[in-house]
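Asks: Shown below is the structure under consideration.
Nothing in this text is a laboratory measurement; each read-out follows from the coordinates by a stated rule. Predicted, not measured: the structure shown is a model, and the values here were computed from it. Cβ atoms come from the backbone with ideal geometry, glycine included; neighbour counts cover every protein chain shown.
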Amino acid sequence: MNNFEFCNPVKIVFGKGTISRLADQIPERSKVMILYGGGSIKANGVYDQVKNALADFDVVEFGGIRPNPDYDICMEAADLVKREGVNFLLAVGGGSVIDATKFIAAAVCFKGTDPWDILRNGAEIKEALPLGCVLTLAATGSEMNERFVISRHEANLKLGYASPLVFPRFAILDPEVTLSLPLRQVINGVVDSFVHVIEQYLTYPVNARVQDAFSESLMRIIKEEGKKVLKNQNDYDIRANLMWAASNALNSWIGQGVPQDWSSHRIGYSLTALFGLDHAQTLAVVLPGVMEYKKEAKKEKILSLGKNVFDLMLGIEDDKMVDDTIHAVEDFFRSMGLCTRLSEYGIKKKDLDILVEHVRDMNWKLGEHADIDWQAAREILRLRL
């Protein structure tokens, strides 16, 4: 296991009715901006709970943050923050709203000429407004980490960044609010959180027994509870386990001291930017291709995945078990109702070049060995036609 330093300062308030404790988490006399997406939080009662909890605060609102939050919308919110003198941001929603809020927190304080430089050129974040969140969708883990991903639709780009300055001060997680979600969003959350674990696990062994065991347990729980939720959509305990698993899948715990991949995420960005696929849909397509393309380099961890997560029996010929494990991962995605082939979304061989343009233009070298360039990314996508 490699050396590491670790800090996760997010306070978690978990359980039924915890939105009522929101006011206790925000500094007195703060001027708060509530950021949210569409109208779902008003339909399911979350909006009213938040507004009631903030009755003693000066509150500004900004709605309309969509999935794969757009840079221009974020900048509209940042301008409103400045005009209104807001000094605390509250994200109420899923990962897209939280990601947008993190970027807005940094953009408001950015001293350069254009906050896009943060994402496009890796400009350093030196200051950010404090923020908290009320989570309504278990998926991205953004409520408990320092990462965000923002799209710029006019440029067909989707880019990520990480800074300890955008850790939320707190996250309120009430699994009950997820009961009203459309099943599609629940399924996406299951696959998204599963792949978050895979990206930090499926590399090569470094004798990190704690991280490996934690990762394998999380994947088993996500897989098992994910299948249960398809049949028991109103079960609070299933939702609670999925919500907590999703937070733990990307809160930095399992990634400490171990190599990480993230090529499935990066390659998949263009499928969202160019063809409008949901983030989880891109992962269900790309990950089996990464596993196939890199199965020799990842062989030992694929074997462990097959044994400890999918209950495949050791003793058969290793190459067959590797292939069986890759098939088991793909079968799990399909059992959750997601497609796993580009052709199922109408994407053809002629589209491959444009799909890897972002990898080429950003000069990304992806994977735990930094050996997946745009040509390798193209081959990975070709395997998924």
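Asks: Taking a point 7 angstrom from the Cα of Ala43 along the C-beta vector, which residues in region 142-177 have backbone N less than 18 Å away?
Replies: Within reach of a label on Ala43, which here means backbone N under 18 Å from a point 7 Å along Cα→Cβ, region 142-177 contributes 176-177.
Asks: Follow-up question, since we're still on this one. If the reach is capped at under 17 angstrom between alpha carbons, list the aspartates and glutamates near Lys348, excluding any in the same chain fewer than eight residues apart.
Replies: In chain and number order, the partners are Glu357, Glu379.
Asks: Counting other Cβ atoms within 10 Å, keep those with at most 13, restrict to DSSP loop, and tell me which chymotrypsin sites (Phe, Trp or Tyr not before Pro) in region 1-34 are left. Before the final figure, lay out each step's value.
Replies: Numbers: sites: Phe4, Phe6, Phe14; in loops: Phe4, Phe6.
Filter output for region 1-34: Phe4, Phe6.
Asks: For Gly15, which sequence-distant residues (separation of 5 or more, or a different chain) have an amide H within less than 5 Å of its own amide H, given hydrogens modelled in the peptide plane?
Replies: Leu173, Asp174
Asks: What ³J(HN,Hα) values, in whole Hz, does the Karplus curve 6.51 cos²θ - 1.76 cosθ + 1.60 give for region 346-357 when θ = phi - 60°, with x put for Gly and Pro?
Replies: After applying 6.51 cos²θ - 1.76 cosθ + 1.60, I find x, 8, 10, 4, 5, 8, 5, 4, 5, 5, 9, 4 Hz.
Asks: Defining a contact as two alpha carbons under 8 Å apart and six or more residues distant in sequence, what relative contact order in percent does the chain show? Numbers along the way, then the final one.
Replies: Working: 708 pairs, mean separation 59.3, N = 385.
After rounding, I find 15 percent.
Asks: With no solvent and one point per C-alpha, what does the Debye sum give as log10 I(q)/I(0) for region 11-176 at q = 0.12, 0.15, 0.16 Å⁻¹?
Replies: -0.46, -0.74, -0.84
Asks: Return the subset of Lys16/Lys102; Lys16/Lys227; Lys223/Lys307; Lys11/Lys102; Lys227/Lys298 for which the Cα-Cα distance in this structure is over 18 Å, preserving the input order. Mind showing how you got there, number by number?
Replies: Details: Lys16/Lys102 26 Å; Lys16/Lys227 23 Å; Lys223/Lys307 14 Å; Lys11/Lys102 16 Å; Lys227/Lys298 27 Å.
Violating the 18 Å Cα-Cα cut-off are Lys16/Lys102; Lys16/Lys227; Lys227/Lys298.
Asks: If R0 is 45 Å, what FRET efficiency do you get for Glu300 and Gln233 from their C-beta distance, rounded to 0.05?
Replies: Numbers: r = 38 Å, r/R0 = 0.84.
For R0 = 45 Å, the calculated efficiency reads 0.75.
Asks: Related question: What per residue convex hull volume, in Å³, do the alpha-carbon atoms of region 183-382 yield?
Replies: On the way: hull volume 23.1 nm³, N = 200.
With only Cα atoms used, region 183-382 gives 115 Å³ per residue.
Asks: Calculate for the chain the 222 nm mean residue ellipticity that helices alone would give, adding -39,500 (n - 2.57) per DSSP H run of length 4 or more and normalising by residue count, nearest 500 deg cm²/dmol. Don't skip to the answer; put the middle values down first.
Replies: Values: 15 runs with 176 residues, N = 385.
So the helix-based figure for the chain works out to -14000 deg cm²/dmol.
Asks: If you average over every viewing direction, what projected area does the convex hull of the Cα atoms of region 1-90 give, in nm²?
Replies: Numbers: hull surface 34.6 nm².
Approximately 8.6 nm², given one-decimal rounding.
Asks: What ranking do Lys301, Lys307 get, fewest neighbouring Cβ atoms within 10 angstrom at the top?
Replies: Working: Lys301 22, Lys307 15.
Ordered from fewest to most neighbouring Cβ atoms within 10 Å, Lys301, Lys307 come out as Lys307, Lys301.
Asks: List the DSSP H helices in the chain whose Cα atoms stretch 15 Å or more along the helix axis and whose mean Kyte-Doolittle hydropathy is at least 0.0. Don't skip to the end; give the middle numbers.
Replies: Working: long enough: 71-84 (20 Å, -0.23); 95-109 (22 Å, 1.37); 183-201 (27 Å, 0.47); 209-231 (34 Å, -0.55); 236-249 (19 Å, -0.04); 263-275 (18 Å, 0.32); 279-293 (21 Å, 0.77); 318-335 (25 Å, -0.66).
Length and hydropathy pass: 95-109, 183-201, 263-275, 279-293.
Asks: What is the packing order of peptides 339-351, 64-76, taking the mean over residues of other C-beta atoms within 10 Å and listing the highest first?
Replies: Working: 339-351: 14.6, 64-76: 19.3.
Answer by packing, highest mean first, reads 64-76, 339-351.
Asks: If you don't mind, another one. Mind checking the dipole of the chain: about its Cα centre, +1 per Lys or Arg Cβ, -1 per Asp or Glu Cβ, Debye to the nearest 20?
Replies: Working: 44 positive and 52 negative charges, 63 e Å.
Roughly 300 debye, rounded to the nearest 20.
Asks: Just the projected area, averaged over all directions, of the convex hull on the alpha carbon atoms of the chain: how many nm²? Walk me through the numbers before you get to the answer.
Replies: Numbers: hull surface 72.6 nm².
In nm², the orientation-averaged hull projection of the chain is 18.1.
Asks: Taking the Cβ of Arg29 as the center, what net charge do the other residues with Cβ under 13 Å away carry, scoring Lys and Arg +1 and Asp and Glu -1? Provide the component values of the computation, followed by the final result.
Replies: Working: positive: Lys31; negative: Glu28, Asp56, Asp58.
Here the count lands on -2.
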